[in-house]
Amino acid sequence: MPLALAERSTLIAPSATLAMAAEAKRLKGQGIKVLDFALGEPDFDTPANIQRAAIRAMESGQTHYTPPAGIPELRSAVAEQYSKSQGLPTEAAQVVISNGAKHSIHNALMAVCGPGDEVIIPAPYWVSYSDLVKLTGATPIVLETTEASGFKLTPTQFLAAVTPRTKLLMINSPSNPTGVVYSRGELEALADAVLTTDVGVLSDEIYEQLTYGDVQPTCFATLRPGLADRTITISGVSKTYAMTGWRIGWSVAPVSVSKFMGDLQSQETSNPCSISQWAAVEAIAGPQDAVVTMKAEFARRREYVLQRIEGLPDVHCLPPGGAFYAFMNVSAHFGRTLGGKAITDSTSFCLTALAQAGVALVMGSAFGAEGFARLSFATDMKTLEQGFDALDRFLRD
Ligand SMILES: Cc1ncc(COP(=O)(O)O)c(C=O)c1O
């Protein structure tokens, strides 16, 4: 008899973004040229000062176990950043360093959710949210938002979905996949609604430093007195500092939640990589000029992407206020034949675009939003130019 898997194994599907990236890689392996816009990771190298900090850490023997919740220097640097820059008074004991923000979200959900609980997730949502909620035994309650309403959850929608079992609201601004950034006023209205309930909030702010024009990110926990006592803020170095492979993320939470998250890590993974933690100290506390340069380049690409989308037949998109994604509405192509294939939904659209045009996008259905395809512009200009040329030809086929 083959070893039977636990029931839990039916709860999660492989991450669709990683699956599309794997398919793109498979085609590339066969010598097929793929213009890859599937993965959400900056194409820049990690800034040199951060790399050097990692080398220094190795050379000075920082290669052993660290405290499971992270080195005090990094926890303090994160706490100081929230206290000074975000206006959220934070102690180091509230900060837990994990193996990337995804791990922080998992541990946070493990800390506060379990069977019988409900977690409200506005759609479109980042691919991992609903599966990570299911892993805890809780039930994701997905609330659809529309393009017409700017893909934003309203307080009325939130309040209508709250039940005695609702444990958490998950919000993500700037958002992956839409790039939507809630205004301060919109988040204040949501915060006021939350405060009329017993619901906690997980606010994923991983793209906080990547906003464009006069769009400003907002740290949700700061908005109203008392909100920090029921909010878990998630962020990390992956996106801002082009450090996806280093695997450093963090949570800022009430001390009791953080204590559990640290204990969980002590049993589950022990500390995040010691060298990466020292690199992250440099990322946060060191010079920030590389961030300014990367952000300017993302802004340039965003302009280009928006201009090219405008030229694509029957495709449109809400201009992203932050992050590095364009969430393109491609639904006008459903019911048509492109590249000899019938296009019926976002999956057939993306699979056909990959097979026929060599363009890798991610289907909106993976984010709980049929009708869309996500394009990541964390890609060099040349690839973007070629990708849009190929998409344009494909759509005019
Ligand atoms: C919204 C959102 N949250 C969290 C993460 C995870 O970041 P990390 O690579 O640090 O685990 C991502 C990565 O794509 C993301 O888009």
Worksheet item: Using the alpha carbon gyration tensor of the stretch 38-176, what are the three equivalent-ellipsoid semi-axes (square root of 5 times each eigenvalue), largest first, in whole Å?
Response: 34, 19, 16
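Contact order normalised by length for the stretch 49-285, with contacts defined as Cα pairs under 8 Å and 6 or more residues apart; what percent is it?
Working: 458 pairs, mean separation 72.9, N = 237.
Relative contact order for the stretch 49-285 comes out at 31 percent.
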Worksheet item: Between the stretch 1-43 and the stretch 169-240, how many Å separate their Cα centres?
Response: 29 Å
Practice prompt. Quote the relative contact order of the chain in percent (integer), defining contacts as alpha-carbon pairs under 8 Å separated by 6+ residues.
Written response: 23 percent
Item to complete: Rank Val257, Ala191, Ser274 by how far each Cα sits towards the positive end of the charge dipole of the stretch 170-276 (+1 on Lys, Arg Cβ; -1 on Asp, Glu Cβ) and give me just the farthest.
Response: Ser274
Worksheet, complete the sentence: As a Kirkwood estimate from alpha-carbon pairs, the stretch 82-139 has a hydrodynamic radius in angstrom of 13.0 Å
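Write down the Kirkwood hydrodynamic radius of the stretch 222-310, to one decimal in angstroms, obtained as one divided by the mean of 1/r over all alpha carbon pairs. Could you put the intermediate results ahead of the total?
Details: mean 1/r = 0.0630 Å⁻¹.
One over the average 1/r among Cα pairs gives 15.9 Å for the stretch 222-310.
Report the gain in length on full extension from Glu73 to Met1: 0.36 nm times residue separation, minus Cα-Cα distance, nm rounded to one decimal.
Values: separation 72, 0.36 × 72 = 25.92 nm, distance 5.06 nm.
The Glu73-Met1 span can extend by a further 20.9 nm.
I'm a student and want to see the number: the projected area of the Cα convex hull of the stretch 126-179, averaged over all directions, in nm².
That works out to 4.0 nm².
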Item to complete: Any chance you could list the semi-axes, whole Å, largest first, of the equivalent ellipsoid that the Cα gyration tensor gives for the stretch 49-285, using √(5λ)?
Response: 30, 19, 16
Discussion item. From zero outward in steps of 10 Å, how is the percent of C-alpha pairs of the stretch 193-269 spread across the bins?
Written reply: 16, 40, 34, 10, 0
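Computed FRET efficiency, Cβ-Cβ of Arg224 and Leu135, R0 25 Å: what is it to the nearest 0.05? Please report the intermediate quantities before stating the final value.
Values: r = 30 Å, r/R0 = 1.22.
The pair Arg224/Leu135 has a calculated efficiency of 0.25.
With +1 on each Lys and Arg Cβ and -1 on each Asp and Glu Cβ, how big is the dipole of the chain about its Cα centre, in debye rounded to the nearest 20? The partial results should precede the final answer.
Numbers: 31 positive and 39 negative charges, 111 e Å.
Charge dipole, the chain, about its Cα centre: 540 debye, nearest 20.
Ignoring everything except DSSP H segments at least 4 long, calculate the 222 nm mean residue ellipticity for the chain; use -39,500 (n - 2.57) per segment, divide by total residues, nearest 500. Each step should come with its number before you reach the end.
Numbers: 12 runs with 146 residues, N = 397.
After summing the helix terms and dividing by the residues of the chain, the value is -11500 deg cm²/dmol.
Starting from the stretch 1-83, pick out the chymotrypsin sites (Phe, Trp or Tyr not before Pro) whose DSSP state is loop and whose Cβ has at most 12 other Cβ atoms within 10 Å. Display every interim value, and only then the final one.
Values: sites: Phe37, Phe44, Tyr65, Tyr82; in loops: Phe37, Phe44, Tyr65.
Filter output for the stretch 1-83: Tyr65.
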Fill in: 5 Å binning of all Cα-Cα separations within the stretch 327-397, expressed as whole percents from 0 upward
4, 18, 29, 28, 14, 6, 1
Discussion item. More than 19 angstrom separation, counting every C-alpha pair in the stretch 150-251; what % is that?
Written reply: 43 percent
Worksheet item: Which whole-angstrom value gives the distance between the alpha carbon centres of the stretch 61-131 and the stretch 362-397?
Response: 31 Å
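With a Förster radius of 41 Å, plug the Cβ-Cβ distance of Thr146 and Ala355 into 1/(1 + (r/R0)^6) and report the FRET value to the nearest 0.05. Present the calculation step by step, with values, prior to reporting the outcome.
Details: r = 30 Å, r/R0 = 0.74.
E between Thr146 and Ala355, to the nearest 0.05, is 0.85.
Rg(Cα) of the chain divided by 2.2 N^0.38 Å?
Values: Rg = 21.0 Å, N = 397, 2.2 N^0.38 = 21.4 Å.
That works out to 0.98 for the chain.
Every read-out reported here was derived from the displayed coordinates using simple, explicitly stated rules and does not represent laboratory data. Everything numeric here is computed off the predicted structure, so don't read it as measured data. Please note: Cβ atoms are built from the backbone with ideal geometry, for glycine as well, and neighbour counts cover all protein chains shown.
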